[in-house]
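Written below as structure tokens is the structure these notes are about.
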Amino acid sequence: MPVAPPRPKGLPLNALRAFEAAARLGGFAAAATELGVTPGAVTSHVKALEDALGAALFDRDAKGVRLTALGRRVLPDFTEAFDRLGLAVQGLRAEAAPRTVHIATLPAIAQLWLSPRLPGLRAAAPEITISITAMEAPPDLKRAPFDLNLFYRPAGEGRALAGDDIFPVCAPVLATRLAAPEDLAGLPCLTDSAWADDWTRWADVAMPGRDFTPAGPVFSLYALAVEEAVNGAGVLIGHSALVQAHLDSGALVAPFARRVATGLALTLWSARGLRPSSPAARVADWLASGPDGGG
């Protein structure tokens with residue numbers, strides 16, 4: 001009679017994914033955020049994996065978790081494997097929906113830089129569907145389902161579309177009250193919470209040696225802060241690419257000549273080499289050099 005012994009059970013993919021994320025990121029909470037599950041779920045997956053292996057992958061103490069020697073040895077292989085799996089999944093998505101391009105970007109960039117360019121992009125490539133997701137930090141393009149990232153990044157790390165200079169901007173009616181940087185003390189200074197140090201960075205150059213503390217409302221959405229500046233609510237530190245349209249229209253003015261380079265650039269990049277003439281490559285090329293693009 002043929003022999004059909006029971007096959008050994010494989011290790012659960014979700015448990016392996018939870019281990020790799022927790023090991024790479026240094027904790028269960030960070031892994032949970034990346035994977036979109038609860039820390040408890042990551043803990044449960046890792047514990048189930050350790051039980052199945054009969055070996056510990058993490059040491060646990062009151063300060064958190066750290067990899068065991070076994071965990072450290074196997075982590076590089078699993079990271080490479082999940083990176084390759086993520087890229088394969090992205091390749092599958094691209095083949096299944098070849099005319100859809102997914103872009104991840106900062107909310108302020110989506111609202112103030114990218115959105116005004118979408119009508120021109122649609123007109124130039126009507127057969128391409130553009131999907132945009134706004135998020136605060138760049139996703140790992142080897143794992144996340146995006147074709148392109150568009151964020152501020154150190155110059156030289158990707159395809160730079162515009163530099164990033166910061167400087168005060170305000171409605172024209174307020175500019176008449178600003179003869180010198182010291183006059184800012186008499187007006188509300190608007191602050192974006194994600195770029196809370198903008199005022200300090202500019203003031204350190206424009207007013208060296210002076211103790212300047214901006215006083216005024218704080219916003220969690222930069223686009224809202226820009227709109228409030230247009231409305232005359234106060235003075236805001238503008239990021240050149242994000243306020244240029246308002247400067248061009250006259251809705252905002254720059255009361256002082258001093259600009260400070262942040263060392264960052266509005267940057268576009270992908271985890272995969274973009275095939276020439278592919279939809280993602282065409283979108284990238286248009287954003288870099290199309291009408292009103294790259295400025």
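Below is a table of values for the structure above.
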read-out: Dipole of the chain [Lys/Arg +1, Asp/Glu -1 at C-beta], most positive-end residue of Pro279, Gly120, Leu242; value: Pro279
read-out: Percent breakdown of C-alpha pair distances by 5 Å bin, ordered from the shortest bin, for segment 12-52; value: 6, 33, 38, 19, 4
read-out: Principal-axis tilt of helix 69-96 within the chain, Cα atoms, nearest 10 degrees; value: 70 degrees
read-out: Per-q log10 I(q)/I(0), the chain, q = 0.10, 0.11, 0.16 Å⁻¹ (Debye; single scatterer per alpha-carbon; no solvent); value: -0.72, -0.82, -1.17
read-out: Linear extension gain, Arg60 paired with Asn231, 0.36 nm per residue minus alpha-carbon span; value: 56.2 nm
read-out: GNM top mover of Ala241, Ala48, Ala203 - the chain, alpha-carbon springs below 10 Å; value: Ala48
read-out: Beta bridge orientation in the chain: antiparallel %, DSSP, nearest 5; value: 60 percent
read-out: Charge dipole (the chain, unit charges on Cβ, about Cα centre) - positive-most of His102, Leu11, Pro188; value: Leu11
read-out: Where trypsin sites (Lys or Arg not before Pro) fall in DSSP loop in segment 170-246, at most 14 other Cβ within 10 Å; value: Arg177, Arg210
read-out: Fraction of antiparallel bridges per DSSP, segment 18-154 only, in percent to nearest 5; value: 30 percent
read-out: Label-to-label distance, nm, for residues given as Ala81 and Met135 (7 Å Cα→Cβ offset); value: 2.4 nm
read-out: R0 of 41 Å, Cβ-Cβ distance Arg122-Val218: FRET efficiency to nearest 0.05; value: 0.70
read-out: Pairwise centroid distance, computed over Cα atoms, of segment 142-165 with segment 1-70, Å; value: 32 Å
read-out: For Asp192, residues with placed amide H under 5 Å, excluding near neighbours; value: Phe219
read-out: Other-chain or far-sequence residues with amide H under 5 Å of Ala265's (modelled H); value: Arg153, Ala155
read-out: Within straight-line cross-link reach of Lys9, lysines at Cα separation under 18 Å, skipping those fewer than 8 residues along the same chain; value: Lys47
read-out: Rounded to whole Hz, the Karplus (6.51, -1.76, 1.60) HN-Hα couplings of segment 164-179, x for glycine and proline; value: 10, 10, 10, 5, x, 9, 7, 5, x, 5, 7, 4, 5, 9, 10, 8
read-out: R0 of 51 Å, Cβ-Cβ distance Ala96-Ala257: FRET efficiency to nearest 0.05; value: 0.45
read-out: Note, ³J(HN,Hα) from phi for segment 271-287, Karplus 6.51, -1.76, 1.60, rounded to Hz, x at Gly and Pro; value: 7, 10, x, 7, 5, x, 6, 5, x, 5, 5, 5, 5, 4, 5, 5, 5
read-out: Of Gly120, Gly40, Gly232, the one that fluctuates the most in a GNM where the chain has Cα springs shorter than 10 Å; value: Gly40
read-out: Area projected by the alpha carbon convex hull of segment 147-258, averaged over all directions, nm²; value: 7.7 nm²
read-out: Long-range HN-HN contacts of Thr129 with modeled amide H, under 5 Å; value: Thr100, Val101
read-out: For segment 12-125, alpha-carbon Rg relative to the globular expectation (2.2 N^0.38 Å, N residues); value: 1.44
read-out: Solvent-accessible heavy-atom area per residue, rounded to whole Å², over the chain at 1.4 Å; value: 52 Å²
read-out: Backbone HN-Hα couplings from phi across segment 157-162 [Karplus 6.51/-1.76/1.60, Hz, Gly and Pro as x]; value: 9, x, 8, 6, 9, 6
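The values are calculated or read from the model by the stated rules, or taken from the named source; none is laboratory data. A quick note: this is a predicted structure, and the numbers were derived from the prediction, not measured. Counting neighbours? That spans all protein chains shown, and the Cβs are built from the backbone with ideal geometry, glycine included. Note: areas computed on protein heavy atoms with side chains; ligands, DNA, RNA excluded. Shrake-Rupley method; radii C 1.70, N 1.55, O 1.52, S 1.80 Å.
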